[in-house]
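The values are calculated or read from the model by the stated rules, or taken from the named source; none is laboratory data. In this text the structure is predicted, and so the values were computed from the model without any measurement. Heads up, the Cβs are rebuilt from the backbone with ideal geometry, glycines too, and the neighbour counts pull from every protein chain shown.
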Amino acid sequence: MTEKLYYTDGECRAFSARVISCKPENGVYAVTLDRTAIFPGGGGQEADSGSLNGMPVIGLRESEETIYHILPEPLEPGSAVDGTVDWALRFPRMQGHSGEHIFSGTVHRLCGGENVGFHMGEGGMTLDFSVELSPEDIARCEREANRAVCADLPVRTLLPSAEELEKLEYRSKKELTGLVRIVEIPGVDKCACCAPHVARTGEIGVIKALDSMRHRGGTRVTLVCGEAAYRDYAALHANNARVSVALSAKRLETAEYLARYMRESEEKHAEITALKREILALKAANLPQTEGNLCLFEPGLDAVTLRELVNAGVEKCSGICAAFSGTDGDYRYVIGSRSVDLRAAAREINDAISGRGGGSSAMIQGSCRSARAEIEAYFAQK
Ligand SMILES: [Zn+2]
């Protein structure tokens, strides 16, 4: 059994210990110590990086309360070692994990939901709750959780006996056996957990829910804390600053300005569409009376307008009126005729213009990959 220094002191980043055993294992060595501050992972938190006597610990595993440090070189059983924990990795993880306890404990207290899943990743942590949480619920829990951070409460470790444990009320994701460690934040949360935590809630800095979604009958919340929350804020601020400059809007009024900009843009779009239709109506009226086929190219037309053009075109030609919109080699088409059965001719036309599509005997529509010159040549000779 290894004494887990991180159980009672999550801030311990350098420690001395004694080597208990060292066994070769597939070209590396599995070393056990009387005590360690290097966390082997668990409870949703990843394993630490660290070193023993300056040698990097290249792997960690835990079996029956004993922690195995995997090293590239052996250590002498009975000898003393100095260990370190990679603090730059560990501290933000503790901020996140302790923040998760506060948020989950707060959801439990205010909304009655259990935390049934927890994952720590690059883009933040995901917390799965057993109940549906509205955005207002989440905002309320977030506010309350940040109050607990500002109160700078102690984060305590309890190692209760079996009898004491029976009397304790605490959160846990599963039935636990053996030594159970409880992490307590007074008035906020009591939860069974094996991972290292910050000593005081103030170290978490800030707790922010980024988003939420329905998940297996409950809610999945993405949460960031501490350094991760600061990085997120900085990125969000930089992004908003660009939007602010582009819209000439004050930094907290970008959404309002953007909504107005979108409205204006939609109005302009509607105006442009109306103008396009007007131009098209003029063009259609001026189409020459044609013997045979009429082949038209009009970039930037929507499907409806393209159909209107063809409807006008079939009146002006004795054969097929084919209209294309898009860019060379990537066209949408509408083809109409009053004399040719297009349902029957669709396959031949599609083969000729590398197209796909279909429709009725009077009109077919689809897309094609041929170039304009090929399309024009086909309808000219047909
Ligand atoms: Zn935990």
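Residue 147 falls short on exactly one of the conditions (1) in contact (Cβ under 8 Å) with a residue 60 or more places away in the chain; (2) more than 16 Å from the ligand (Cβ to nearest atom); (3) closer than 23 Å to residue 210 by Cβ, and that condition is (1).
Here 308, 264 are screened, and the one residue that is assigned to a helix (DSSP H, G or I), within 23 Å of residue 367 (Cα to Cα) and acidic (Asp, Glu) is 308. Is it true that some residue in segment 277-293 is surrounded by 15 or more Cβ atoms within 10 Å (Cβ to Cβ), farther than 30 Å from residue 148 by Cβ, within 26 Å of the chain's Cα centre (by Cα) and away from the ligand (no atom under 16 Å from the Cβ)? No, there is no match, as no residue in segment 277-293 is surrounded by 15 or more Cβ atoms within 10 Å (Cβ to Cβ), farther than 30 Å from residue 148 by Cβ, within 26 Å of the chain's Cα centre (by Cα) and away from the ligand (no atom under 16 Å from the Cβ). The condition of being of a type in the set (Lys, Arg), at negative phi, more than 16 Å from the ligand (Cβ to nearest atom) and assigned to a strand (DSSP E or B) does not hold for residue 242.
Look through 352, 345, 323 and report the one residue that is within 23 Å of residue 274 (Cα to Cα) and either touching a residue at least 60 places away in the same chain (Cβ under 8 Å) or over 41 Å from the mean Cα position of the chain (by Cα) (or both). Outline the logic, then answer.
Working: 352 fails: within 23 Å of residue 274 (Cα to Cα); 345 fails: within 23 Å of residue 274 (Cα to Cα).
Selected residue: 323, the only one of 352, 345, 323 that is within 23 Å of residue 274 (Cα to Cα) and either touching a residue at least 60 places away in the same chain (Cβ under 8 Å) or over 41 Å from the mean Cα position of the chain (by Cα) (or both).
Scanning segment 29-61 for residues that are within 33 Å of the chain's Cα centre (by Cα), of a type in the set (D, E, K, R) and within 19 Å of residue 9 (Cα to Cα) yields 46, 48.
Filtering segment 281-304 for residues that are in contact with a strand residue (DSSP E or B) (Cβ under 9 Å, 6 or more places away or on another chain), in a helix (DSSP H, G or I) and under 18 Å from residue 365 (Cβ atoms) leaves a non-empty set.
Inside segment 317-382, counting only strands (runs of 3 or more DSSP E) that do not spill past its ends, which hold 3 or more residues that are farther than 18 Å from residue 287 by Cα, out of contact with any His (no Cβ under 7 Å at 6 or more places or on another chain) and small (Gly, Ala, Ser)?
On the way: elements: 320-327, 330-337, 355-359, 363-368.
Fully inside segment 317-382 and qualifying: 355-359.
Quick one: which of 248, 244 is without any contact (Cβ under 8 Å) to a residue 24 or more places away in the chain, surrounded by fewer than 16 Cβ atoms within 10 Å (Cβ to Cβ) and of a type in the set (S, T, N, Q)? Break it down stepwise before answering.
Working: 244 fails: surrounded by fewer than 16 Cβ atoms within 10 Å (Cβ to Cβ).
Result of the check over 248, 244: 248.
Out of the residues in segment 153-203 meeting the condition of being of a type in the set (Lys, Arg) and either within 13 Å of the ligand (Cβ to nearest atom) or in a loop (DSSP other than H, G, I, E, B) (or both), tell me which one is surrounded by the fewest Cβ atoms within 10 Å (Cβ to Cβ). Within segment 153-203, the match that is surrounded by the fewest Cβ atoms within 10 Å (Cβ to Cβ) is 174. Would you say residue 159 is farther than 22 Å from residue 219 by Cβ and not hydroxyl-bearing (Ser, Thr, Tyr)? Yes: the conditions hold for residue 159.
Answer with yes or no whether residue 38 is more than 16 Å from the ligand (Cβ to nearest atom), part of a loop (DSSP other than H, G, I, E, B), modelled with pLDDT of 95 or more and hydrophobic (A, V, I, L, M, F, W, C). Please lay out each step first, then the result.
Working: more than 16 Å from the ligand (Cβ to nearest atom): yes; part of a loop (DSSP other than H, G, I, E, B): yes; modelled with pLDDT of 95 or more: yes; hydrophobic (A, V, I, L, M, F, W, C): yes.
Considered against the rule, which asks whether it is more than 16 Å from the ligand (Cβ to nearest atom), part of a loop (DSSP other than H, G, I, E, B), modelled with pLDDT of 95 or more and hydrophobic (A, V, I, L, M, F, W, C), residue 38 comes out as yes.
Of the set (1) in contact (Cβ under 8 Å) with a residue 60 or more places away in the chain; (2) farther than 22 Å from residue 186 by Cα; (3) of a type in the set (A, V, I, L, M), all apply to residue 102 but (2).
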